[in-house]
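K.L.:
Here it is, the structure in full.
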Amino acid sequence: MANYDYKLRLSVDQDVCIGAGLCVLSTAEVFDQREEDGVVKLRQIEPDESQYEKVLGAVSKCPSGAISVEKIPLSRGSDTAAK
Ligand code: SF4
């Protein structure tokens, strides 16, 4: 399993989503759709690392650009800079 030096934080713009559902098809653990209109909703804001590859694939396939992903650097085993 890959080791990432960042964590992913997701957000979605429900006004932009066209309800195509590609994100749900690729990663149903992370994305869901509203029952009434198919617009995306998030099941997880910070998915597990095991989902990262699929999540990033879903972001790139989304036809409306409704999914935003933030890569937050992790400071693993680095020097302590706090003074
Ligand atoms: S792939 Fe994009 S447009 Fe389709 S449901 Fe997901 S967020 Fe909405």
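Each value in this text was obtained by applying a stated rule to the coordinates, not by laboratory testing. This one's a predicted model, so the numbers in the text were calculated from it and none came from an experiment. Neighbour counts run over all protein chains shown; Cβ positions are idealised from the backbone, glycine included.
K.L.:
Among the residues of the range 6-33, what is the count of those that are in a loop (DSSP other than H, G, I, E, B) and touching a residue at least 40 places away in the same chain (Cβ under 8 Å)? Walk me through it before giving the result.
P.N.:
Of the residues in the range 6-33, the ones in a loop (DSSP other than H, G, I, E, B) are 13-21, 27-30.
In the following step, the residues that additionally are touching a residue at least 40 places away in the same chain (Cβ under 8 Å) were identified as 13-14, 16-18, 20.
Here the count works out to 6.
K.L.:
For the range 29-48, what are the residues that are away from the ligand (no atom under 11 Å from the Cβ) and under 11 Å from the mean Cα position of the chain (by Cα)?
P.N.:
Step one: filter the range 29-48 for residues away from the ligand (no atom under 11 Å from the Cβ), giving 29, 35-36, 43-48.
Listed by number, the residues that qualify are E29, R43, Q44, I45, E46, P47, D48.
K.L.:
So E36 ticks every box in (1) in contact (Cβ under 8 Å) with a residue 12 or more places away in the chain; (2) loosely packed, with under 15 Cβ neighbours inside 10 Å but one. Which box is left unticked?
P.N.:
Just one mismatch for E36, condition (1).
K.L.:
Which residues, taken from the range 13-24, are near the ligand (Cβ under 6 Å from one of its atoms) and aliphatic (A, V, I, L, M)?
P.N.:
Step one: of the range 13-24, the residues near the ligand (Cβ under 6 Å from one of its atoms) are 17-23.
Across the range 13-24, the qualifying residues are I18, A20, L22.
K.L.:
Could you please give the count of residues in the range 49-65 that are within 13 Å of the ligand (Cβ to nearest atom) and among the charged types (D, E, K, R)?
P.N.:
Final tally of qualifying residues: 2.
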